[in-house]
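Read through the structure below, which is laid out as structure tokens, and then see the notes.
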Amino acid sequence: MSLTGRHVLSSDLFGRDELERLFTLADLLTPVSRGRKVTRVLEGAVMASLFFEASTRTRLSCESAFLRLGGGVISSTGVEIMSIAKGESLADTSRVVSGYCDLIVMRHPLESAVHEFAAATNVPVINGGNGAGEHPTQALLDMFTLHREFSRTGRTLDGRRIALVGDLRHGRTVHSLMKLVTRYENLTIVCVAPEPLGMPVGLLELAESRGHRVQVSEQPETGLKDADLVYATRLQTERFADQPLPYSDAFRIDKALVSRVCREDAVIMHPLPRDSRAASNDLSTDLDEDPRLAIFRQTDAGIPMRMALFASVLGVADTIADSLRPAAWYRPDYTGPHDAPFYRNVGTNNR
Ligand code: NCD
């Protein structure tokens, strides 16, 4: 299947073949994402990023990825400064903006908004997060990270034990991730959440229908046992009215818990942001210098993977290899405190 000209609204779009093609392309683009090589395959192209909801990583990394491919970016954030505040429909906004650019990345608190946008536009629309629905570009970079982390130790994703933990009901990243990991074979997927925050049944059924063992647990202590991958998520408090939740400090994923129950070569991921306030029960900062913590390799992976996606959707993927040239500017070869313990073990390839 060619991705050229496609809207990317759901991670459903990607089978294993497309994923592996994108991994290869993202590997090729990694030196560009790190400022060591240059490509201009999207010279003259314009991306519009429209974010109707808070974002740090998704908006900035999409914009950086498009710029690194040689394109230009126009962006607007927040409903209050757009004509939607004057009563304009999403359909009108979409059609108008599609006359200004070649690709739109958008995020909106309503699940339906991205579909309305795609129905009215003249250019491809990439879903940067639609309410509690999906977040396909996050899932792509998560898969790329997994592929890298496991292949470094000679493993593949097939046959692994995966624990998804936290707010699995409202967390759109895990919804998109379920659709992608289950393209692989023979997984054990443990969904660890208090019952009101459990993974939607349709996604549990999807995983079973693709031949995986699916378990549901309300206890991180048992749910994370022997996990090859722990994918922690934040409580999505913005998606439900204030109500007391059975979300105890058992859901704080910290060094003691990981050391007690996970495999020694486990990979620990989180889409970020993590809630680092004292009372939160999220991924703890006491794991920050643990080489198993892949969260910043994960955010770094967002640039080459989003570049790979944009290049594919705009039909220039095949021209990248011949377009690469060395970057002219100075780039420090610096490894900070988060990354040093990891790179001490594995060397600096693929940094
Ligand atoms: C996530 C999101 O917006 O869905 N963030 C991201 O894009 N990496 C996760 C979250 O907000 O918890």
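For the pair Arg36 and Ser2, the difference between a 0.36 nm per residue extended length and the Cα-Cα distance amounts to 9.4 nm. The GNM of the chain, with springs linking C-alpha atoms under 10 angstrom apart, assigns the highest mean-square fluctuation among Glu88, Glu53, Glu221 to Glu88.
Site pair Ala328 and Glu195 shows an inter-label distance of 6.5 nm when each label is modelled 7 Å from Cα along Cα→Cβ.
Direction-averaged shadow area of the convex hull around the Cα atoms of segment 186-291, nm²?
Working: hull surface 29.0 nm².
Projected area, direction-averaged: 7.2 nm².
Springs join every pair of Cα atoms under 10 Å in this Gaussian network model of the chain, and among Ser83, Ser94, Ser280 the largest mean-square fluctuation is at Ser83.
The label point for Arg16 and the one for Glu205, both projected 7 Å from the Cα toward the Cβ, are 2.5 nm apart.
Sorted ascending by nearby beta carbons within 10 Å, beginning with the fewest, Tyr184, Tyr100, Tyr343, Tyr330 become Tyr330, Tyr100, Tyr343, Tyr184.
About the Cα centre, and with charges only on the beta carbon of Lys, Arg (+1) and Asp, Glu (-1), how big is the dipole of the chain? Nearest 20 debye, please. Spell out each step's value before the answer.
Details: 40 positive and 44 negative charges, 178 e Å.
Value, rounded to 20: 860 debye.
Each 20 Å bin from zero up to the one holding the largest Cα-Cα distance in the chain carries the following percent of pairs: 30, 59, 11. The amide H of Ile253, built 1.01 Å from its N in the peptide plane, has Asp282, Leu283, Ser284 as neighbours under 5 Å, considering only residues 5 or more places off or on other chains.
For the chain, return all DSSP H helices satisfying: extent of Cα atoms along own axis at least 20 Å; mean Kyte-Doolittle hydropathy at least -0.5.
16-33, 136-152, 295-313
Remark on Arg160: its backbone amide H falls under 5 Å from those of Thr188, a criterion applied only to residues 5 or more positions apart or on other chains, H modelled at 1.01 Å from N. In a fully extended conformation the segment linking Thr188 and Ala278 would gain 29.1 nm over its present Cα-Cα distance, using 0.36 nm per residue.
Regarding segment 248-351, what's the average projected area of the Cα-atom convex hull, expressed in nm²?
Working: hull surface 38.2 nm².
The Cα convex hull of segment 248-351, projected and averaged over all directions, gives 9.5 nm².
Convex hull volume per residue, computed on the Cα atoms of segment 1-106, equals 120 Å³. Considering the dipole of the chain built from charges on the beta carbon (Lys and Arg +1, Asp and Glu -1) around the Cα centre, which of Val190, Ala327, Thr153 is farthest to its positive end? Working it through, the farthest residue towards the positive pole turns out to be Ala327.
Both the radius of gyration and Dmax for segment 99-229 are 16.3, 53 Å, in that order, over alpha-carbon atoms.
With a cut-off of 19 Å on the backbone N, the residues of segment 161-194 near the modelled label site 7 Å out from Phe240 along Cα-Cβ are 164-176, 191-194.
Since every read-out is calculated from the coordinates, none of them should be taken as a lab result. Note that the structure is a prediction, hence the values are computed from the model and not measured. As a convention, Cβ positions derive from the backbone with ideal geometry for all residues, glycine included, and neighbour counts pool all protein chains shown.
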